[in-house]
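> To start, I am sharing the structure in question, which I have written as structure tokens.
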Amino acid sequence: MVALLFGQSNAASEGESPKVANERVLNEFNGRLFRAEDPLLGSTGRGGSVWTRLGDEIIQRKLYDEVVFFPMAVSATGIARWSPGGDIHPKLVQRIREAKPMGLTFTHLLWHQGESDALSKTSKAAYQEAFHAMLDSIRREGIAAPVYVSVATRCHRERPNRTIQEAQTELVNPLEGIYAGPNTDVLGFEYRYDGCHFTDEGLQQAALLWLEVLTGSQGDSYQQRHK
């Protein structure tokens, strides 16, 4: 498994406690592979991540022999910054390009973002337009991996934002290789140490939600068709 991890703080290392993953869970950074250890290299944040937990679950259940994560998550970022023309987009493209010289092919794109757009009241149309522009750019890099879009809007004790939730769920289109990620809005404030970022139990529960999505084969057929 080779996965790009991108989005904002709950995709970065902003969780309660750092964790060292199984030795077969690796973190790519600057063309080198390291054992995955929070805070993950390539993302902002200085705490724990959902990904070390997810990687451990994948290895323990023998779903893959090895997991390679390409972290690229930036805290407090709206989707416009990820889309072409945004300041993060060139860094995202550069990060993706690091895989090819290493002989690695992405198998999964895991997108967890939306809390900032919920707070700034981004419209559904604007969110979806920016996401499609970002994904089109990724596809032009030759990346055929399916992308899994989380439902993620809960932060700072605000109620989940229905507009952004709908924007995220309505993006799902298997013909375009876009699949439903987990709905992390189901994890309430008891799983968030500051009303936004996950406690240790929240990180584990989020990892299990991701695992439930990824153990399905929904993205496999798309990738096979576009090899």
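The values are calculated or read from the model by the stated rules, or taken from the named source; none is laboratory data. Just so it is clear, the structure is predicted and the values come from calculations on it, not from any experiment. No Cβ is skipped: glycine too gets one built from the backbone with ideal geometry, and neighbour counts run over all protein chains shown.
> Hey, among the residues in region 161-181 that are in contact with a helix residue (DSSP H, G or I) (Cβ under 7 Å, 6 or more places away or on another chain) and farther than 29 Å from R192 by Cα, which one's surrounded by the most Cβ atoms within 10 Å (Cβ to Cβ)?
Among residues in region 161-181 that are in contact with a helix residue (DSSP H, G or I) (Cβ under 7 Å, 6 or more places away or on another chain) and farther than 29 Å from R192 by Cα, the one surrounded by the most Cβ atoms within 10 Å (Cβ to Cβ) is G177.
> Could you list all residues from region 129-160 that are under 16 Å from L119 (Cβ atoms) and either exposed (fewer than 15 other Cβ atoms within 10 Å of the Cβ) or in contact with a Cys (Cβ under 9 Å, 6 or more places away or on another chain) (or both)?
R154, C155, H156, R157, E158, R159 - these are the residues of region 129-160 that are under 16 Å from L119 (Cβ atoms) and either exposed (fewer than 15 other Cβ atoms within 10 Å of the Cβ) or in contact with a Cys (Cβ under 9 Å, 6 or more places away or on another chain) (or both).
> Let me ask something else. Here are some conditions: (1) within 22 Å of A76 (Cα to Cα); (2) assigned to a loop (DSSP other than H, G, I, E, B). H132 meets all but one. Which one does it not meet?
(2)
> Also, quick follow-up: Mind checking whether some residue in region 64-84 is within 14 Å of the chain's Cα centre (by Cα), buried (at least 19 other Cβ atoms within 10 Å of the Cβ) and of a type in the set (S, T, N, Q)?
yes
> Let me ask something additional. Which is modelled with pLDDT of 95 or more, on the phi < 0 side of the Ramachandran plot, touching a Gly at 6+ places or on another chain (Cβ under 8 Å) and in a helix (DSSP H, G or I), of P90, P101?
Checking each option against the conditions leaves just P101.
> Name the residue that is modelled with the lowest pLDDT, counting only residues in region 181-197 that are over 17 Å from W111 (Cβ atoms) and not in a loop (DSSP other than H, G, I, E, B).
F189
> May I ask you to list the residues in region 143-164 that are free of Cβ contacts under 8 Å to residues at least 40 places away in the same chain and either over 17 Å from the mean Cα position of the chain (by Cα) or not in a loop (DSSP other than H, G, I, E, B) (or both)?
If the condition is that a residue be free of Cβ contacts under 8 Å to residues at least 40 places away in the same chain and either over 17 Å from the mean Cα position of the chain (by Cα) or not in a loop (DSSP other than H, G, I, E, B) (or both), then V147, V149, V151, R157, R159, R162 are the ones that fit.
> A further question on this structure: Among (1) in contact (Cβ under 8 Å) with a residue 60 or more places away in the chain; (2) surrounded by 14 or more Cβ atoms within 10 Å (Cβ to Cβ), where does P101 come up short?
With respect to (1) in contact (Cβ under 8 Å) with a residue 60 or more places away in the chain; (2) surrounded by 14 or more Cβ atoms within 10 Å (Cβ to Cβ), P101 is out only on (2).
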